[in-house]
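What follows is calculated from the coordinates using simple rules that are stated; it is not laboratory data. Note that the structure is predicted; figures quoted are calculated from it, not measured. Reconstructed Cβ throughout: ideal geometry from the backbone, glycine too, with neighbour counts over all protein chains shown.
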Amino acid sequence: MPPEGSIFADQVSLNSLVQNLLYASGTVGAILVVVGLLLIDAGTARRKNLFNSTIEKSLGFFIGFGTYYLIGFGLWASQYYIMEGATMMDSIRDWWIGGAMVNVLAQNVDPGVFPGLNTFQIFVFFLAVFAGIINILFHFSVSERMKAAPYFILCAVAAVVSSALSWATWGSVGPLTNAGFHDFFGVGFVYLFPAGMALALTMQLGARPGMMSPHPRVAAYLAPSIGLCAPGLLLIFAGLPMVILSCMFFFDPEALGVSVTMADTSVGVALNNYALVWAGGAFTGLVLAYMSKNYAYTLLGPLAGYVAGASGFDVYMPWQALLLGLTAPVAAYLVYEFTLKRGIDEHKLFPLFLGAGVYGLIVLGIFKAGTPRGGYFGIEEGAYAFQHGEISLVMQLAGVALCVGVGAVTGLVFGFILDKTIGLRVAQDDQIDGLDKLLWDLEPDVMTHADSLPRS
């Protein structure tokens with residue numbers, strides 16, 4: 001037992017500092033994504049609901065963020081504890097908000113007990129931001145029609161459930177990832193999970209007045225400033241490269257980059273793949289937008305390219321990423337048009353995640369089948385041997401089904417409970433009059449021609 005106050009130089013070496021700064025930059029990148037999403041919301045929410053919509057997303061973010069600190073990281077990190085012969089409860093005890101590994105200075109911990117502790121502590125912050133992002137994304141699907149209380153409760157629930165899902169589906173030694181499910185960025189638990197929740201709850205909430213068809217009091221659903229979506233889009237584009245770096249591990253010699261999935265990759269190829277799926281998606285989105293005269297595809301196009309490519313940034317080559325980016329908006333287009341024709345008021349999560357996201361995971365399973373990955377670097381034999389597993393279509397389909405299914409079940413179960421207790425849906429007249437006035441006594445600065453009719 002080392003004496004109290006001992007300093008272990010390996011925990012605070014220059015090499016570890018460089019890695020700490022890299023993962024801290026990923027956290028900054030994730031926060032830029034949050035700002036970008038809020039700008040998109042500010043540009044598309046109805047003027048009478050603008051403040052309430054944006055502030056609910058912000059508060060929902062912090063509920064998920066704080067809940068993750070409470071228990072979420074312990075769930076995700078347990079895959080590595082189990083690999084070493086410990087248990088999930090051991091991980092939770094170490095990594096909950098009062099745990100031993102959270103409340104200790106890294107330099108005072110023997111690397112033989114826990115190497116690279118600073119990096120793991122920073123990773124708590126990094127993944128907590130994504131727990132909050134999941135709630136922002138979910139809010140896009142229920143915005144302006146779900147009451148605040150049930151939404152905030154669902155934010156805490158989503159943070160816990162998505163954390164458990166990340167244990168199974170993101171990393172290299174979880175139950176699905178070790179068996180062959182490949183998801184570099186976390187498309188499954190970050191994107192498909194809230195889309196599954198939306199699948200259950202948007203049907204229950206119904207469409208917003210004036211959104212899918214004219215309403216006696218709302219002739220049309222008018223967004224206040226579509227122009228804000230463009231800088232929001234570019235902020236997301238600017239933030240994500242730093243996040244991509246944080247989805248890699250670095251080992252000797254010097255800084256050998258290996259994907260979080262343990263697939264062979266490199267920083268340069270992963271970043272160029274990211275760039276090209278955006279470029280390809282933007283080009284196809286432009287074509288779809290001008291052909292259909294629907295501005296939505298100018299935004300959905302590049303985002304669809306990104307979401308489709310995110311699961312495989314580590315294993316594609318740049319020319320393959322470009323082709324994927326060019327084709328992904330078509331998947332989003334088909335889902336978007338399907339929802340429009342059937343009067344389904346969900347135009348963001350369904351086309352992007354259930355369309356482009358699922359498409360990308362399936363394409364990965366087809367064209368990168370057999371790619372070695374999984375296990376953990378340095379382990380040469382046994383169930384967790386480095387790259388013992390391979391990408392397969394069957395495991396990609398299993399991962400999609402699990403992530404969407406868990407989201408849908410979460411939405412159905414908790415939606416039912418909340419609806420029967422405190423109620424889910426904002427009354428239609430209150431939706432029309434605007435939640436800013438109802439909840440905050442705020443009036444819009446402009447009264448539009450589309451929603452100026454009084455209650456009967």
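One line per residue, one yes/no per condition, for (1) touching a residue at least 40 places away in the same chain (Cβ under 8 Å); (2) outside any helix (DSSP H, G or I):
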{"residue": "Leu228", "(1), (2)": "yes, no"}
{"residue": "Val243", "(1), (2)": "yes, no"}
{"residue": "Tyr290", "(1), (2)": "no, no"}
{"residue": "Asn294", "(1), (2)": "no, yes"}
{"residue": "Leu299", "(1), (2)": "yes, no"}
{"residue": "Gly309", "(1), (2)": "yes, no"}
{"residue": "Leu326", "(1), (2)": "yes, no"}
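What number of residues in the range 152-162 are buried (at least 24 other Cβ atoms within 10 Å of the Cβ) and more than 13 Å from Val187 (Cα to Cα)? Break it down stepwise before answering.
Step one: of the range 152-162, the residues buried (at least 24 other Cβ atoms within 10 Å of the Cβ) are 154-155, 158-159, 162.
Subset that is more than 13 Å from Val187 (Cα to Cα): 154-155, 158-159.
Looking only at that region, the number is 4.
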Among residues of the range 259-270, those that are within 14 Å of Gly389 (Cβ to Cβ), under 22 Å from the mean Cα position of the chain (by Cα) and not in a loop (DSSP other than H, G, I, E, B), counted: 1
The range 195-215 residues that are part of a loop (DSSP other than H, G, I, E, B), paired with ones that are among the basic types (Lys, Arg) and surrounded by fewer than 16 Cβ atoms within 10 Å (Cβ to Cβ) (beta carbon under 6 Å, 6 or more apart): none
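For Gly375, indicate whether it is in contact with a helix residue (DSSP H, G or I) (Cβ under 7 Å, 6 or more places away or on another chain) and among the small types (Gly, Ala, Ser). Give the steps one after another, and end with the answer.
Details: in contact with a helix residue (DSSP H, G or I) (Cβ under 7 Å, 6 or more places away or on another chain): no; among the small types (Gly, Ala, Ser): yes.
Here the answer is no, as Gly375 does not meet what is asked.
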Test: residue in the range 49-65 that is within 27 Å of Tyr297 (Cβ to Cβ), over 18 Å from the mean Cα position of the chain (by Cα) and either among the small types (Gly, Ala, Ser) or not in a helix (DSSP H, G or I) (or both): yes
Search result, residues across the range 375-394 that are surrounded by 21 or more Cβ atoms within 10 Å (Cβ to Cβ) and within 10 Å of Gly365 (Cβ to Cβ): Ile391
Checking Gly399 against (1) in contact (Cβ under 8 Å) with a residue 12 or more places away in the chain; (2) in a loop (DSSP other than H, G, I, E, B), the condition it does not meet: (2)
Test: residue in the range 380-394 that is of a type outside the set (A, V, I, L, M) and at positive phi: yes
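Table: residues versus (1) under 30 Å from Asp441 (Cα atoms); (2) free of Cβ contacts under 8 Å to residues at least 12 places away in the same chain; (3) surrounded by fewer than 21 Cβ atoms within 10 Å (Cβ to Cβ).
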site: Ser16; (1), (2), (3): no, no, yes
site: Ala30; (1), (2), (3): no, no, no
site: Lys57; (1), (2), (3): yes, no, no
site: Trp76; (1), (2), (3): no, no, no
site: Met88; (1), (2), (3): no, no, yes
site: Val102; (1), (2), (3): no, no, yes
site: Leu105; (1), (2), (3): no, yes, yes
site: Val109; (1), (2), (3): no, no, yes
